[in-house]
Structure formats: structure tokens, C-alpha cells
Ligand code: GDD
Ligand code: MN
């Protein structure tokens, strides 16, 4: 305390209501002397993966757009190989309103956004991409809307009057339209642009709903809207989407898959775990692979049925393993020799699953179920076994 006084004694002491914001029973912090900046009003969360060339210009434009506002930027970087996090720390040395959260061993746009938002103590939060596709000038209007008090969530929409998709390739625009159509058909959301990655909200919304978010994949806005439900007061402001400055988009097959899984999680995640659902979808694809290989060998090439079945079963199993490794267990992906070891344990798991399948199906048939039902019961039992055992042995978290 004395050392602190010696160092900062020349500064004004804390005057701002020391009991402000405390609940009954909370202990007030002791008064101390320090240079106290004004509290932050708006935290801007910027998820990054390899955006070193973009964050600097982005922050310059945020600062210009928010003159007179107490803002901070929280960059959430997933340990980018281009060392975006290090670069952001050099920015902090020049402007302490910029800070970084570096996450290691994890990837994911949604979860990065959620963690960034939870790291804020400001009343208002915004989320935007780092690649300058989102115009920081819109932040001021978003903040003004939230300050006015009748809105919980403001969305930068490309599909209201005045907004635009920018120079997106036709295929990407079509994919975006399809994803939006799908979301509005499958759920009750009534938004022009539920796919938007640029929005602002009151911090209470996240404080309230964060524990229930899916946080899978790219579409954090849709996740929030589906989780919080119709009580959320939403406004859309026009956003003119720009083209990415540097680097490349991280949109991929994985992101598309994750989108489906996030929707599935919101729709029936309370009944079926989303990983089991993903596993079952991959299993259904495996069935198609099985039938295709069998048809090719047995019908077209005239191979014997038994050998064709063996090859088809092997192909489907290896295919299922590879695809689950890429999509269902992207976060625990096995690589190199670990990939082969995983395949061996998956094969063993599936062999036992096949025995379980046959046992359950024959028992069900013996109990008088029609043969189709008995077969389905066997398939379900085998699948649940395969899922549980492979989660434990093939993609174990403590491997
Ligand atoms: N921390 C972290 N982790 N950040 C990520 C990750 C990740 O795994 N993947 C992507 N990002 C960051 C990027 O660095 C960028 O700042 C932002 O998230 C958006 O990523 P892009 O790769 O540029 O995505 P996009 O332009 O294809 O899609 C964006 O626009 C769509 C349409 O509005 C995203 O905002 C989508 O959510 C949005 O639907
Ligand atoms: Mn982008």
C-alpha cells in the first residue's frame, strides 16, 4: 500500500462510488490511489485466425468510428500460426484499449466469440470479423440503438434496404441464401440475415444465456437468437458487406457441417447429443458407401458376394472412421500414426458392434417383432455401442 502510494501518490484517489454495483453483502474494494480511466462502455470482440495483416487497419478504423466513446477491443485468437496474438500485444503497447485472449489447442469462431464476450465487463458488446468485411462505421449506430434502451440485440444485415452482399461470388451468395432459408424453415427466427457475423448486444443477454449456447461452428448470432428465444428485442441495421482485404476465408466443409450440427443441437440437442447425431449422419453416409461398393463389385464387376461384402464393409468402416475423424471429432482429430491406431481401435469397436447388432436383431425377432423392426433395433443398438465405445477408446480425450 505504501509502495503504491509512493508510486501513484500524485494521482487522484478513487472517487467514483466505491459501493456502486455491489450487491448487499458484497465487500467493497479498499480505496486506493491510481490513475483510473473511465469504465468501458463498448467491448468489441474480434475473433481471429491468421489475421495479422488485417487487425491493425481494423483497429484504426474502429478508433476513428468511435471517437468520444469508451471502447475496448478484445481479440480472441486461436493460436494463429501467423502469430496474430503477438502482433496484437504490440498494438496494446501503443493503445491499451486493445487486448488479446490467446486460446491454445482449440478452434472455433462461435466459441471464440462467446469467450471474448464473457471476458468483458462493459454494458454493451459488439462482435465483428477482423478481415474488414464489416464496416466499423456501423458500430456507432449500433451503440446508439442499444443506448436508447428498447433493443437487446442489433444486427448488421446484408438483406435490409441499404445493405448489400458486396462482391461475393455467385456460389457463395447462393450458399448463404440456402443456409438462411434453411434456418428460417427449421426454426422460428424471423430475421433477414441470421447468418450475419456483425452484431451488438447488451451484456446481460450473454450473461444470461452463455451456459446454454451451443457454441458450435461459425453462426454465433443464430445460436444466441435461437437460445434466447422470442423475448429478445432485435433490430436490424443495413450492412454493406465488403471484400476481404488480406488472407483467406476459413469457411469449409467442416464449417458447413458444424452449421447443421448447431441447428440440430438447438432443435433436439436436449434429446440426442449432437455428437451422436453427427455420428449417425456419418453412419448413414457409410451405408451408401457400403451399397455403392457392393453394387460395383458384385453387380458390375461380377465378383463373388462374400468377397464383395468384405470389401464393402471395410470401405464403409474406413470411410466412417475418416469422416468422423474430420467432422464429428474435429476437436480431437487423430493424425499421423495416431490416425492408424485410431482406425485399428475403431475396427475393433465396430466388430463388437456388429455382434451386438446381430444379437439384438435376432432376440427382437424371437420376441415377435416384424423383421424390419428387428433389423432397425439391431442397427440402433450397434450404432449406440459404436458411438459410446469409439468416444471412449478411439477419440478418447485423455489419449
Ligand atoms: N478465433 C477464431 N477461431 N477465429 C476464427 C476462426 C476460428 O476457428 N475461424 C475464423 N475466424 C475468424 C476469422 O479470422 C475472421 O476474423 C472471422 O472469424 C470470420 O472468418 P472468415 O473466414 O472471414 O469467414 P467468412 O467471411 O467466410 O464468413 C463470415 O461472414 C459470414 C457472412 O456474414 C463470418 O462472419 C460468418 O459467421 C458469416 O456468416
Ligand atoms: Mn470473412
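What follows is calculated from the coordinates using simple rules that are stated; it is not laboratory data. Keep in mind that this is a model prediction, so the values were computed, not measured. Ideal geometry is used to build each Cβ from the backbone, glycine not excepted, and the neighbour counts take in all protein chains shown.
Observations on the model:
- 13 Å reach of a label modelled at residue 243, 7 Å along Cα-to-Cβ, counting backbone N of segment 153-175: 166-170
- Whether segment 106-173 is rounded, prolate or oblate, judged on the alpha carbon gyration tensor where a/c under 1.5 counts as rounded: oblate
- For the chain, built as a Gaussian network whose Cα springs stay under 10 Å, the top-fluctuating residue of 309, 236, 38: 38
- Ellipsoid equivalent to segment 204-316 - semi-axes via the Cα gyration tensor, in Å: 43, 20, 10
- Under the Debye formula (equal points on every Cα, no solvent term), log10 I(q)/I(0) of segment 283-361 at q = 0.12 Å⁻¹: -0.40
- The modelled label-to-label distance between residue 250 and residue 301, using points 7 Å beyond Cα along the C-beta direction, is 4.1 nm.
- Stokes-Einstein translational diffusion, segment 210-272 - Kirkwood Rh over all Cα pairs, 1.306 mPa s, 10 °C, in µm²/s: 116 µm²/s
- Percent of alpha-carbon pairs separated by more than 38 Å within the chain: 36 percent
- Only Cα pairs under 8 Å and 6+ residues apart enter the sum, and on that basis the relative contact order of segment 41-140 stands at 44 percent.
- Extending 7 Å from the Cα toward the beta-carbon at both residue 351 and residue 135 defines two label points whose distance is 6.3 nm.
- Quick note on segment 126-241: its Rg to Rh ratio, both from C-alpha atoms and Rh being the Kirkwood radius, is 0.94.
- Of the residues 84, 145, 187, the one that moves most in a GNM of the chain with alpha-carbon contacts below 10 Å is 187.
- Computed over the chain with a Gaussian network model linking Cα atoms closer than 10 Å, the most mobile of 327, 66, 294 is 294.
- Prolate/oblate/rounded call for segment 62-119, Cα gyration tensor, a/c under 1.5 rounded: oblate
- Computed FRET value (nearest 0.05) for residue 79 with residue 121, which takes r as the C-beta separation and R₀ as 25 Å: 0.50
- R0 of 56 Å, Cβ-Cβ distance residue 287-residue 86: FRET efficiency to nearest 0.05: 0.75
- Estimated at 0.36 nm per residue, the fully extended path between residue 271 and residue 32 surpasses their Cα-Cα distance by 80.8 nm.
- Taking one quarter of the surface of the C-alpha convex hull of segment 233-383 gives a mean projected area of 15.5 nm².
- Distance between segment 327-399 and segment 70-136 - C-alpha centres, whole angstrom: 40 Å
- Distance between the 7 Å Cα→Cβ label points at residue 363 and residue 203: 5.5 nm.
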